[in-house]
């Protein structure tokens with residue numbers, strides 16, 4: 001990677017494992033991060049930002065293991081403008097075939113005054129020193145001026161020039177708070193290209209947040225102005241309203257190549273698989289009307305639309321479901337379906353499970369098929385997502401009995417497997433759900449509050465699975481657990497247990513509040 005003008009290739013920099021995981025409740029285990037990284041690598045992502053090594057031992061280990069596992073992609077570690085951060089990132093990337101260190105510092109007046117408490121000259125010195133130190137470890141160094149879109153232009157250009165002189169090969173321009181507009185961001189990138197004398201020695205990158213719903217539009221405006229790297233995440237995951245969505249970026253370029261004459265190395269047929277995997281491991285559902293990967297993205301209910309689709313699919317579809325990995329299946333799933341049919345169905349839905357996970361999912365499917373007349377794709381998706389999300393859980397539900405009604409106190413008896421040891425408790429409560437949660441809390445004591453308990457039907461009918469979302473909050477840490485079952489109480493218990501498992505992972509993270517990233 002050298003000049004942003006070298007060709008029309010747009011480098012895809014995926015930060016799902018770093019910025020995406022900063023979403024409240026989106027923590028991933030080490031094995032889940034490796035699983036996501038392998039899919040990103042397979043689908044052709046150019047750069048995988050694997051984490052923030054100095055943030056915690058868990059982040060360090062994740063960057064190190066992703067660095068070992070990656071076969072094609074550049075693996076990147078984030079670091080603030082300090083020696084300890086950069087040295088820690090370099091250590092984590094030691095085994096990477098193609099390592100990159102991404103270092104940053106704030107440059108906007110509001111950040112320098114209130115966050116850094118540094119003068120502009122001191123910031124510029126930190127830019128030079130941090131990039132130079134990173135360059136001692138690798139030739140591939142990226143530098144970001146945090147809150148670039150609210151930074152004074154002359155100072156921004158001076159800092160960029162300093163970073164390139166010190167050895168930065170990629171200059172990332174973050175819209176950290178999702179503040180800018182497409183035409184404004186286009187002009188900013190154009191200004192940088194015109195005013196920074198050595199900008200031809202670096203690739204310009206975009207990193208746009210979605211606070212105003214403009215992250216993808218701003219990123220594409222940046223590319224039109226000369227940027228040749230886009231930082232994005234699967235499903236648009238990220239802090240606050242999220243980041244630019246990888247799937248939307250890739251398909252916008254492919255679908256409107258007449259106006260966006262660029263190319264990427266992404267295998268778009270893997271988009272659905274990546275989306276479902278990230279949704280499952282983070283327990284973040286994809287909204288039904290989400291572009292490209294939402295349940296309704298290729299669904300048509302209107303009679304007029306259906307008539308048009310039957311005559312010619314191009315009347316209402318600008319891309320095919322197959323182009324993003326959605327495949328129509330003729331398999332009708334039910335209690336008589338075998339393992340082979342179930343495995344093929346999962347493949348058609350974008351799932352590739354290991355043997356143990358597959359066997360668990362198949363057993364759950366057969367149990368569901370015995371209780372439910374019609375098993376829909378949504379049922380299978382909810383079932384598999386629940387199985388995938390609990391592979392490495394320390395706490396698992398073994399059995400649950402609930403007594404409810406108007407004639408007496410509601411009571412729940414639950415047995416949990418906690419680190420391989422079975423424990424049983426019986427508790428009462430203000431309703432069956434409260435009793436169930438009290439019993440879980442009696443086995444696994446904690447002080448977390450319950451800001452969200454939500455139940456929705458996966459499909460229609462009285463035999464529909466209930467999909468339950470539970471959100472727990474403890475000391476500013478927020479996690480979300482999801483589970484589905486035809487028994488609402490069982491789904492509620494599993495969702496609560498899932499959230500507890502994520503809370504345990506979250507407790508291990510020790511990121512200070514000062515670690516605000518681009």
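Overview of results
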{"read-out": "Residue in segment 21-40 that is closer than 18 Å to residue 172 by Cα, in contact (Cβ under 8 Å) with a residue 12 or more places away in the chain and assigned to a helix (DSSP H, G or I) present", "value": "no"}
{"read-out": "Single residue of segment 159-177 satisfying the filter (in a loop (DSSP other than H, G, I, E, B) and surrounded by fewer than 23 Cβ atoms within 10 Å (Cβ to Cβ)) that is nearest to the chain's Cα centre (by Cα)", "value": "177"}
{"read-out": "Extreme residue, surrounded by the fewest Cβ atoms within 10 Å (Cβ to Cβ), among residues of segment 306-332 that are under 19 Å from residue 273 (Cβ atoms) and at pLDDT below 70", "value": "328"}
{"read-out": "Meets criteria (crowded, with 20+ Cβ neighbours inside 10 Å and touching a strand residue (DSSP E or B) at 6+ places or on another chain (Cβ under 6 Å)) for residue 53", "value": "yes"}
{"read-out": "Selected residue (criterion: farthest from residue 241 (Cα to Cα)) from residues of segment 277-288 that are part of a loop (DSSP other than H, G, I, E, B) and in contact with a helix residue (DSSP H, G or I) (Cβ under 8 Å, 6 or more places away or on another chain)", "value": "283"}
{"read-out": "Residue match in segment 119-142 (condition: assigned by TED's automatic domain parsing to the domain that holds residue 199 and under 12 Å from residue 173 (Cα atoms))", "value": "yes"}
{"read-out": "One residue from 274, 291 being touching a helix residue (DSSP H, G or I) at 6+ places or on another chain (Cβ under 9 Å), touching a residue at least 12 places away in the same chain (Cβ under 8 Å), at negative phi and buried (at least 24 other Cβ atoms within 10 Å of the Cβ)", "value": "274"}
{"read-out": "Pair list, Cβ under 7 Å, 6 or more apart: segment 160-171 residue on the phi > 0 side of the Ramachandran plot, other residue buried (at least 20 other Cβ atoms within 10 Å of the Cβ) and modelled with pLDDT of 95 or more", "value": "167/131; 167/141"}
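To keep it simple, each residue is scored yes or no on (1) closer than 30 Å to residue 156 by Cα; (2) surrounded by fewer than 23 Cβ atoms within 10 Å (Cβ to Cβ); (3) modelled with pLDDT under 95; (4) over 17 Å from the mean Cα position of the chain (by Cα).
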| site | (1), (2), (3), (4) |
| --- | --- |
| 181 | yes, yes, no, yes |
| 187 | yes, yes, no, yes |
| 198 | yes, yes, no, yes |
| 220 | yes, no, no, yes |
| 244 | yes, no, no, no |
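The values are calculated or read from the model by the stated rules, or taken from the named source; none is laboratory data. What you see is a predicted model; the values in this text were computed from it and never measured. Note that we place each Cβ from the backbone using ideal geometry, even for glycine, and neighbour counts take in every protein chain shown.
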